[in-house]
Every structure is written in C-alpha cells, then in structure tokens.
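Each remark here refers to the structure printed beneath this line.
The values are calculated or read from the model by the stated rules, or taken from the named source; none is laboratory data. Because the structure is predicted, anything quoted here is derived from the model rather than measured.
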Amino acid sequence: MIPDDDDFHYKSIINLLKYMSKVSAPPNFESDLMRRINSGNFKEKYKVQWWDKILLPSRVIPSAAVAASVVAILYFYNPNSTEYENPFLVKPVMREDISRVSTNRNLSTVPHEFAEASVNNSLKINKEGLNFLQIRINDAERAKINKLKEQIKAYFNKTQ
C-alpha cells in the first residue's frame with residue numbers, strides 16, 4: 001500500500017485507533033438490527049407531537065416575520081392622527097399683531113425708539129411681547145462704531 005498525504009496527516013489518530021481495545025457485539029446483532037428496521041416498529045417510539053410540527057423552523061421564522069411586520073404597522077399607523085397641511089402650500093394668514101398703518105398717522109404711544117419696526121412705512125410690528133436680545137450702547141461706543149463704519153466705507157471707496 002502506498003502512503004498518501006492523509007496517512008501522514010492523520011498518523012497520530014491512526015495509531016490511537018490501532019491500539020484501542022476491541023468491542024464485542026452480542027450474537028446475532030446484525031440480524032436483529034435488520035429485523036427491527038424492516039418491521040417498522042420504531043415509528044411509535046419516535047412519534048412526532050403536534051407542537052413539534054408547529055415549532056418547526058420552516059414555520060416559526062415566516063410567522064415571526066409576519067407578526068413583527070404587523071406589530072410595526074400597528075405601531076406606526078395611527079387612525080386618529082390629524083392631517084397637517086403643508087405650510088408651503090397654504091395661503092399665509094395675517095397675524096393679529098401686525099396692522100396696516102398709514103404714513104400720515106402719528107405713533108406717539110411708542111415707549112422707546114426700538115419698540116416697533118416698519119417695512120416700507122406701511123406695516124408696523126409691535127415687538128413688546130417678542131423675546132429678543134436688545135443691545136443698548138452708550139454714546140462713546142456708538143461714536144466708535146460710526147468711526148469704524150466710516151473707515152470701512154472709505155476702504156471700499158478706495159478699492160472701487
């Protein structure tokens with residue numbers, strides 16, 4: 001017999017199998033085994049129960065996927081939700097705090113100079129209830145800002 005690669009690879013296992021003790025089978029073992037197989041009595045011993053049929057992986061996995069998708073649909077679907085209109089498609093509504101003011105009307109009720117802002121002298125927005133940061137500067141800071149504005153204007157006039 002010519003040794004091949006498997007003989008060299010499994011040499012240690014082959015040696016262990018050679019030195020194992022022999023196991024003796026009972027007399028007529030092969031004939032009893034063949035008689036049992038041919039008789040078919042083993043089916044009662046290994047009878048499949050109804051829960052074994054239900055819990056087969058080929059049935060559990062698809063039913064779990066269907067159940068998960070139903071739960072996901074019920075989680076995200078809310079029949080009582082209200083449909084909101086697209087704010088970009090809705091005609092704008094005039095706010096109550098905006099009023100049209102004619103140019104000849106006198107606005108002497110303004111508490112200070114920053115209380116109202118106007119757009120083209122036609123719309124006035126009252127800012128009393130709005131939450132915004134209003135920076136108040138003193139005369140020295142205002143003079144410094146005006147000086148910087150003049151320097152920027154002069155710089156741009158030179159470059160053009």
Can you go through SER39, SER102 and tell me which one is at pLDDT below 85 and under 30 Å from ILE135 (Cα atoms)?
SER102
Can you tell me which of GLU96, GLU44, GLU85 is at pLDDT 75 or above and among the acidic types (Asp, Glu)?
GLU85
